[in-house]
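A quick write-up on the structure given underneath.
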Amino acid sequence: MEQEPFAARLHFIPRALRAPQNAMVRILRRYFETAPGWVLLTTTGRVTGLPREVLLPCQRYSEGLIVISTYGWRSHWIRNLSHEPEVRVTCGGWLLSGRAKVVEDRELKLSLISANPFFPAAPFAPVHAVLRTLLRPFLVFLLRRWV
């Protein structure tokens, strides 16, 4: 069995902050619907069958988009995907339907992250440009360790 990410042991933190985060997403919804580097992912609840929405950092590329479950299988949204992979994605001002795929093969994860490194978009374009260009090798190194 593969070892869960270190952050999975810290899952109690976002669970405690769920209400303030949901309030922030409601208040800043228009921003997150169009902001680069963010996606609102709507899954179907595995127990209730109701739509469940979560804000996630993402990387868009030609074949789709990548999101990472920082908390591994402890995240409800990823468990929902394993039960029902049909999703709705609000990203870049678009509302799209799609089918999610959970990548479990370590080598495939590493190759995807190496080809498409990402982090939540910085609020200032110059900072973001430096992170994406000059600091890209460092970013790839960190993401490969994280995954």
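Only a single criterion out of (1) small (Gly, Ala, Ser); (2) surrounded by 12 or more Cβ atoms within 10 Å (Cβ to Cβ); (3) in a helix (DSSP H, G or I) is not satisfied by Ala23, namely (2). When each of Gly92, Gly64 is tested for being under 18 Å from Leu143 (Cβ atoms), among the small types (Gly, Ala, Ser) and either exposed (fewer than 10 other Cβ atoms within 10 Å of the Cβ) or under 17 Å from the mean Cα position of the chain (by Cα) (or both), the lone residue that passes is Gly64.
Would it be correct to say that Thr42 is farther than 20 Å from Leu17 by Cβ, part of a strand (DSSP E or B) and at pLDDT 85 or above? Considered against the rule, which asks whether it is farther than 20 Å from Leu17 by Cβ, part of a strand (DSSP E or B) and at pLDDT 85 or above, Thr42 comes out as yes. The lone criterion from (1) farther than 26 Å from Phe12 by Cα; (2) at pLDDT below 85; (3) not charged (D, E, K, R) left unmet by Gly98 is number (2).
What about Glu107, is it free of Cβ contacts under 8 Å to residues at least 12 places away in the same chain, charged (D, E, K, R) and under 17 Å from Leu143 (Cβ atoms)? Taking the combined requirement at face value, the residue satisfies it.
Does Arg18 satisfy the criteria of being in contact with a helix residue (DSSP H, G or I) (Cβ under 9 Å, 6 or more places away or on another chain), over 30 Å from Phe138 (Cα atoms) and free of Cβ contacts under 8 Å to residues at least 40 places away in the same chain? So Arg18 does not fit the description; no.
Checking Thr48, Thr90 one by one, the residue that is part of a loop (DSSP other than H, G, I, E, B), of a type in the set (S, T, N, Q), modelled with pLDDT of 85 or more and under 27 Å from Arg15 (Cα atoms) is Thr48 and no other.
If you go through region 48-84 and keep only what is of a type in the set (Lys, Arg) and free of Cβ contacts under 8 Å to residues at least 60 places away in the same chain, you end up with Arg52, Arg60, Arg79. Among the residues of region 1-20, the ones that are modelled with pLDDT under 85 and assigned to a helix (DSSP H, G or I) come to 11 in all.
In the condition set (1) exposed (fewer than 14 other Cβ atoms within 10 Å of the Cβ); (2) basic (Lys, Arg); (3) at pLDDT 85 or above, Arg79 is compliant with all but (1).
The values are calculated or read from the model by the stated rules, or taken from the named source; none is laboratory data. Source: prediction; values computed, not measured. Every residue, glycine among them, receives a Cβ derived from its backbone with ideal geometry; neighbour counts consider all protein chains shown.
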